[in-house]
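Please see the structure below; I have some questions.
The values are calculated or read from the model by the stated rules, or taken from the named source; none is laboratory data. Because the structure is predicted, anything quoted here is derived from the model rather than measured. A quick note on method: Cβ atoms are made from the backbone with ideal geometry, for glycine too, and the neighbour counts reach across all protein chains shown.
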Amino acid sequence: TLTRSRRILGEDHPDTILSSTQLGLALWSLGHYRQASMIQNDTLTRSRRILGEDHPTTLASAHVLGMILWSLGEYRRARQLQTDAFARSRRILGEDQFLTLHLASGLGLTLDSLGEHQLARRRHHDAFTRGRRILGEDHPITLRIASFVGLNLESSGKHREAHYVQNDTFNRLRTVLGEDHPYTLRSGSLLGLTLGSLGEQQQARRLQKDVLARYRRVLGTDHPETLISASRLAADLRRSGEHRQARALDEDTLARSRRTLGDDHPDTLVVADNVATGRCAPGGYHHAREARCTQDCVRRTCIEARS
């Protein structure tokens, strides 16, 4: 569609710009973050020049690029772009408009990744309240935002509250979208994360194993979401004392993450830290020097905050 639009309408036609934004969104969903970033940077520049900063198509393009930057771990760039687009959308389209809700929840994710949990919570809760009122409790977008509310509570150490939200959201998503939908899998993985924090290791491990198997089948072994799911399962295995299995899974995940995301991506750094920790665990001590087990030297980031 984009190729035809470029040939017939030209690079700068509004319909071409919209098609390009949709392509960037599709590539992001498939986990091709670098390729999506290249396309979306060009698209946003064209949209700003042709349609203006405040045009809905420009704001939608800014939202997609913001999510791509977040997925790439470029949190400060994402925050700057999302903050500006959210303010414009709220002023031009209104608080309750669909795009404004997306921008609010996207900004909340970035703020969580930067450790600004209180500010993120305001964004998430406001978007969730509006989504529930406008779209209904069981709308996929409302449930997606609810997952982010649960993640924020988990990141803030409010595990019981997080469990209540995540459990309800996961059950609703299974009913509305089915077991294998990416929203459902993401919610299940976050619920498993919270169960692990609460010490419910068997339940967490069982859920994470199921989610990872579905991720591998639905999105593929190397998709970034699959890699995050694998890292969470390894953490549960490690907590349960299954160090060899955890270490093997972590090392496989690290190799895939380096290949897919690059050595310096925040998620890759977290998995690298997990590998070092695992090699220092029982059964892995003889690898300690090689692994350079120094957790404090590895940058901790919100691996839990992907969507």
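Taking the range 156-167, which residues are without any contact (Cβ under 8 Å) to a residue 24 or more places away in the chain and either on the phi > 0 side of the Ramachandran plot or not in a helix (DSSP H, G or I) (or both)?
Scanning the range 156-167 gives Gly157, Lys158.
Could we say that Leu153 is in contact with a Lys or Arg (Cβ under 9 Å, 6 or more places away or on another chain), more than 21 Å from Gly115 (Cα to Cα), assigned to a helix (DSSP H, G or I) and aliphatic (A, V, I, L, M) here? First the steps, then the outcome.
Numbers: in contact with a Lys or Arg (Cβ under 9 Å, 6 or more places away or on another chain): yes; more than 21 Å from Gly115 (Cα to Cα): no; assigned to a helix (DSSP H, G or I): yes; aliphatic (A, V, I, L, M): yes.
Judged against the criteria, Leu153 is not a match.
Any chance you could count how many residues in the range 69-109 are within 23 Å of Gly262 (Cα to Cα) and either surrounded by fewer than 15 Cβ atoms within 10 Å (Cβ to Cβ) or basic (Lys, Arg) (or both)?
3
Being under 14 Å from the mean Cα position of the chain (by Cα) and charged (D, E, K, R) is the filter; apply it to the range 214-240 and report the residue that is nearest to Thr194 (Cα to Cα).
Once the filter is applied, the top-ranked residue is Arg232.
Follow-up question, since we're still on this one. Tally time: how many residues in the range 40-55 are within 28 Å of Tyr183 (Cα to Cα) and surrounded by 22 or more Cβ atoms within 10 Å (Cβ to Cβ)?
Qualifying residue count for the region: 3.
Additional query: Please determine whether any residue of the range 111-127 is part of a loop (DSSP other than H, G, I, E, B) and among the hydroxyl-bearing types (Ser, Thr, Tyr). Explain how you work it out, then say what you get.
Looking only at the range 111-127, we keep the residues that are part of a loop (DSSP other than H, G, I, E, B), and these are 114-116.
Now restrict to residues that are among the hydroxyl-bearing types (Ser, Thr, Tyr): none.
Looking through the range 111-127, none of the residues is part of a loop (DSSP other than H, G, I, E, B) and among the hydroxyl-bearing types (Ser, Thr, Tyr).
Regarding Thr175, is this residue more than 23 Å from Arg121 (Cβ to Cβ), hydroxyl-bearing (Ser, Thr, Tyr) and without any contact (Cβ under 8 Å) to a residue 24 or more places away in the chain?
Spelling it out, it is not the case that Thr175 is more than 23 Å from Arg121 (Cβ to Cβ), hydroxyl-bearing (Ser, Thr, Tyr) and without any contact (Cβ under 8 Å) to a residue 24 or more places away in the chain.
One residue is enough: does the range 91-109 have a residue meeting the conditions in contact with a helix residue (DSSP H, G or I) (Cβ under 7 Å, 6 or more places away or on another chain), farther than 30 Å from Ser229 by Cβ and of a type in the set (Asp, Glu)?
Yes; the residues of the range 91-109 include at least one that is in contact with a helix residue (DSSP H, G or I) (Cβ under 7 Å, 6 or more places away or on another chain), farther than 30 Å from Ser229 by Cβ and of a type in the set (Asp, Glu).
Are there any pairs with C-beta distances below 6 angstrom linking a residue in the range 88-103 that is without any contact (Cβ under 8 Å) to a residue 40 or more places away in the chain to a residue that is part of a loop (DSSP other than H, G, I, E, B), with the two at least 6 apart or on different chains, and if so which?
From residues that are without any contact (Cβ under 8 Å) to a residue 40 or more places away in the chain, the pairs are Arg88/Asp54; Ile92/Asp54; Thr100/Leu93.
Okay, moving on. List pairs: first in the range 216-244 and within 15 Å of Pro182 (Cα to Cα), second of a type in the set (Phe, Trp, Tyr), Cβ under 8 Å, 6+ apart or cross-chain?
Qualifying pairs under 8 Å: His223/Tyr215; Pro224/Tyr33; Glu225/Tyr215; Thr226/Tyr215; Ser229/Tyr215.
Name the single residue that is surrounded by the fewest Cβ atoms within 10 Å (Cβ to Cβ) among those in the range 173-193 being within 18 Å of the chain's Cα centre (by Cα) and assigned to a loop (DSSP other than H, G, I, E, B).
To start, the set of residues in the range 173-193 that are within 18 Å of the chain's Cα centre (by Cα) comprises 173, 180-193.
Within this subset, residues satisfying the condition of being assigned to a loop (DSSP other than H, G, I, E, B) are 180-181.
Working: Asp180: 13, His181: 16.
Going through the qualifying residues, I end up with Asp180.
Still on this structure, please answer the following. Looking at Arg238, Arg259 in this structure, which one is at pLDDT 90 or above, in a helix (DSSP H, G or I) and not β-branched (Val, Ile, Thr)?
Arg259
Find the residue count for the range 194-214, including only residues that are assigned to a helix (DSSP H, G or I), in contact with a helix residue (DSSP H, G or I) (Cβ under 7 Å, 6 or more places away or on another chain) and not basic (Lys, Arg). First the steps, then the outcome.
At the first step, the residues of the range 194-214 found to be assigned to a helix (DSSP H, G or I) are 194-197, 201-214.
From what is left, the residues that are in contact with a helix residue (DSSP H, G or I) (Cβ under 7 Å, 6 or more places away or on another chain) are 194-197, 201, 203-205, 207-209, 211-212, 214.
In the following step, the residues that additionally are not basic (Lys, Arg) were identified as 194-197, 201, 203-204, 207-208, 211-212.
Going through the range 194-214 one residue at a time, the tally reaches 11.
Still on this structure: Any residue in the range 53-60 that is touching a Leu at 6+ places or on another chain (Cβ under 8 Å) and of a type in the set (Val, Ile, Thr)? Reasoning before the result, please.
The initial filter retains those residues of the range 53-60 that are touching a Leu at 6+ places or on another chain (Cβ under 8 Å), namely 56-60.
When the remaining residues are screened for being of a type in the set (Val, Ile, Thr), the result is 57-58.
So far as the range 53-60 goes, yes, one or more of its residues are touching a Leu at 6+ places or on another chain (Cβ under 8 Å) and of a type in the set (Val, Ile, Thr).
Criterion first (part of a helix (DSSP H, G or I), surrounded by fewer than 20 Cβ atoms within 10 Å (Cβ to Cβ) and in contact with a helix residue (DSSP H, G or I) (Cβ under 9 Å, 6 or more places away or on another chain)) does Arg217 satisfy it?
For Arg217, the condition - part of a helix (DSSP H, G or I), surrounded by fewer than 20 Cβ atoms within 10 Å (Cβ to Cβ) and in contact with a helix residue (DSSP H, G or I) (Cβ under 9 Å, 6 or more places away or on another chain) - is not met.
I'm checking my understanding of the structure. Among residues of the range 1-21 that are without any contact (Cβ under 8 Å) to a residue 12 or more places away in the chain and assigned to a helix (DSSP H, G or I), which one is nearest to Tyr75 (Cα to Cα)?
Asp15
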